[in-house]
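Let me begin by presenting the structure, written as structure tokens, before commenting on it.
The values are calculated or read from the model by the stated rules, or taken from the named source; none is laboratory data. All values derive from a computational prediction rather than experimental measurement. Because the Cβ atoms are built from the backbone with ideal geometry, glycine has one as well, and the counts that use them run over all protein chains shown. SASA here: full protein model, heavy atoms, side chains in, ligands and nucleic acids out. Shrake-Rupley method; radii C 1.70, N 1.55, O 1.52, S 1.80 Å.
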Amino acid sequence: MNRRTLIKQLGLSLPAYLLSNQASAAFIESLDQSYAKGPFQPTWESLQSYTVPDWYRNAKFGIWAHWGPQCEPEHGDWYGRGMYEEGSDHYKYHVQKYGHPSKFGFKDVIHQWKADKWEPEQLVALYKRVGAKYFFAMANHHDNLDLWNSKYQSWNSVNVGPKKDLIAGWAKAAKKQGLPFGVSVHASHAWMWFEPAQGSDKSGPLAGVPYDGKITKADGKGAWWQGMDPQELYAQNHALSDGYHWEWEKGSSVPSKAYCDKFLKRTMELIDKYEPELLYFDDTVLPFHGLNDVGLQIAAHHYNQSMKRNKGKLNAVVNGKILNEMQRKCMVWDIERGQSNVIEPFTWQTDTCIGGWHYDKRVYENKSYKSAQTVIQTLADIVSKNGNLLLNIPVKGNGSIDDQEIAILEEIAAWMKINAECIFDTKPWKIFGEGPATTEVAKLSGPGFNEGKGKAFTSADMRFTTKGDTLYAIIFGWPGDGKVKIKSLSDGNALRPGAVSRVELVGGGELRFQRNSEALEVTLPENRPALSYANVLKIS
């Protein structure tokens with residue numbers, strides 16, 4: 001990288017004469033070296049030397065606050081796009097609640113957002129008590145609002161909306177609880193995602209009246225946003241894409257170099273200012289994959305900064321989606337709303353949610369959150385296959401969570417209080433499990449999305465984890481006859497040829513068992529545990 005490019009990318013402003021003045025050569029050279037310092041370079045070849053840190057592989061369970069201005073309407077995910085799609089559910093709700101999007105756009109939704117009941121330290125303390133070993137906060141979404149005091153994006157949560165540095169608050173709370181801190185970054189796609197804001201109604205009294213997606217700074221005279229440029233937020237001064245395409249090379253309008261460079265600066269600042277160990281990208285592979293090396297630059301910088309902070313030890317993680325075999329050596333593969341169907345050779349992660357990604361009051365009203373049972377069985381399934389679970393707990397626009405969410409979290413905490421040993425610091429066994437739902441599975445689609453599409457778990461299904469010489473069998477239900485039959489541990493089975501000397505129900509004491517040619521048969525106690533949908537047998 002030449003020095004002029006370096007200085008430009010770092011956002012520095014130097015007098016022209018310094019660029020050629022010999023007296024400044026040493027300064028520029030040191031700047032160059034500082035930027036490039038570290039073992040990782042922005043190439044796939046270099047990133048293949050990455051190793052998943054032990055702490056993350058052992059952590060297994062994280063909680064995520066996927067929270068931003070789209071939670072303010074409390075009407076679900078992708079509100080900032082859907083409100084501009086005439087006739088959609090979001091559009092109808094928006095017109096009824098706020099007015100027509102030509103008059104009240106997403107920028108105005110941000111202005112309504114105050115986050116006046118946000119207590120990050122209380123929330124993160126709760127999440128730790130539930131069992132989370134790391135915590136994620138959303139740093140920006142496709143709506144392009146940075147949720148920190150961003151030097152490079154004037155549309156940020158300090159200048160507008162809550163008037164608070166949300167990432168600083170989350171980072172402080174995570175540090176207080178001793179949890180590794182992560183940030184999720186989604187803003188690379190704002191260029192394409194906000195394109196419906198360029199449109200207008202095709203029918204009705206306001207047909208042809210443009211939405212606010214192409215307004216500029218000059219249009220703000222006398223408005224609450226006077227002096228700010230909405231194009232910094234919407235980024236819609238460009239031609240429309242050829243239909244909707246998530247992957248850039250498949251027909252999406254190609255973002256400008258200035259847009260990509262700004263994204264790079266914003267994300268570098270986020271890493272340097274708040275020092276997250278975990279960085280999640282809502283992108284195929286990395287931001288702008290297939291267009292440029294911005295994502296590679298960020299990944300290399302993130303790893304190098306982690307090593308700098310940790311005296312040469314790499315504690316950092318980067319999550320990306322739809323990774324090939326080589327790329328899974330360079331970062332941690334993330335599966336959205338789905339799970340792998342095999343024991344993976346490299347640590348991976350599922351990200352999912354108990355409701356919608358952004359808070360939706362209809363989920364609350366309909367009592368349709370995922371149950372604690374679903375969360376715990378999903379966690380056990382993932383851990384048995386060498387994975388981690390990142391679970392989003394939707395946060396209301398005001399910054400609080402609701403009573404149903406708290407009840408789910410408390411039930412998870414109750415299960416963890418007894419059974420956590422079968423989850424944390426464990427490794428997969430030789431097979432991940434057995435039972436009907438083990439063989440009848442749903443295939444992954446794109447970034448994931450096979451969640452809930454396989455056969456439902458029953459008491460005949462189980463998942464295995466190990467810790468040293470101990471094998472854990474997590475039984476997904478209480479058999480009607482009170483007997484658990486583990487075929488993989490039948491007498492003489494090659495998977496476990498050695499003797500079984502003891503079986504106990506974690507939290508319930510030693511159990512009677514017999515081993516025959518068909519299975520290890522364990523007799524459960526008469527008193528069924530309160531949370532009997534995931535019963536843990538400790539086998540030694």
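Worth a mention:
- Axis angle, to the nearest 10 degrees, between helix 25-36 and the longest C-alpha principal axis of the chain: 30 degrees.
- Sorting 272-285, 49-62, 85-98 by average packing, meaning the other beta carbons within 10 Å per residue, from highest down gives 272-285, 49-62, 85-98.
- Charge dipole (debye, nearest 20) of the range 147-299; +1 at Cβ of Lys and Arg, -1 at Cβ of Asp and Glu: 620 debye
- Antiparallel DSSP beta bridges within the chain, percent to nearest 5: 45 percent
- Under the criterion of Cα pairs below 8 Å and six or more residues apart, the relative contact order for the range 323-477 equals 24 percent.
- Stretching Ser253 away from Glu510 to a fully extended chain increases their span by 86.2 nm, per 0.36 nm per residue minus the current alpha-carbon distance.
- The long axis of helix 257-274 is offset from the longest Cα principal axis of the chain by roughly 60 degrees.
- Accessible surface of the range 205-253 [probe 1.4 Å, protein heavy atoms]: carbon and sulfur percent: 55 percent
- From the alpha carbon centroid of the range 485-540 to that of the range 242-261 is 54 Å.
- The range 78-138, accessible surface, carbon-and-sulfur percent (1.4 angstrom probe): 47 percent
- Phi angles of the range 80-96 translate, via the Karplus equation with coefficients 6.51, -1.76, 1.60 and θ = phi - 60°, into HN-Hα couplings of x, 8, x, 5, 9, 9, 3, x, 6, 4, 4, 4, 4, 5, 4, 4, 5 Hz per residue; Gly and Pro are given as x.
- Compactness ratio for the chain: Cα radius of gyration over 2.2 N^0.38 Å (N = residue count) comes to 1.06.
- Taking all protein chains into account, the per residue accessible area for the range 94-188 stands at 34 Å² (1.4 Å probe).
- Residues whose placed amide H lies under 5 Å from that of Val317, excluding near-sequence neighbours: Leu278, Leu279
- Degrees separating the helix 372-383 axis from the principal Cα axis of the chain, which is the longest one: 90 degrees
- Over the chain: helical MRE at 222 nm, DSSP H runs n ≥ 4 each giving -39500 (n - 2.57), nearest 500: -8000 deg cm²/dmol
- For Asn310 and Lys202, the FRET efficiency from 1/(1 + (r/R0)^6), where r spans their Cβ atoms and R0 equals 60 Å, is about 0.60.
- Applying a threshold of 32 Å to the alpha-carbon distances of Lys321/Lys487; Lys128/Lys430; Lys151/Lys311; Lys107/Lys455; Lys214/Lys396 flags Lys321/Lys487; Lys107/Lys455 as lying beyond it.
- Per atom type, the range 387-483 shows carbon and sulfur on 54% of its accessible surface, probed at 1.4 Å.
- Over the chain, relative contact order from alpha-carbon pairs under 8 Å, at least 6 apart, %: 15 percent
- The residues of the range 191-306 have, on average, 41 Å² of accessible surface per residue, using a 1.4 Å probe with all protein chains present.
- Shape class of the range 185-283 from the Cα gyration tensor (axes a ≥ b ≥ c, square roots of the eigenvalues): oblate, since a/c reaches 1.5 or more and a/b does not exceed b/c.
- The alpha carbons of the range 112-247 give a radius of gyration and a Dmax of 18.3, 56 Å, in that order.
- Extension gain for Ser368-Met326 works out to 11.2 nm (0.36 nm per residue, less the C-alpha to C-alpha distance).
- As a rough guide to protection, the peptides 134-143, 384-393 ranked by mean Cβ packing within 10 Å, highest first, stand as 134-143, 384-393.
- Cα centroid separation - the range 214-234 against the range 88-105, whole Å: 19 Å
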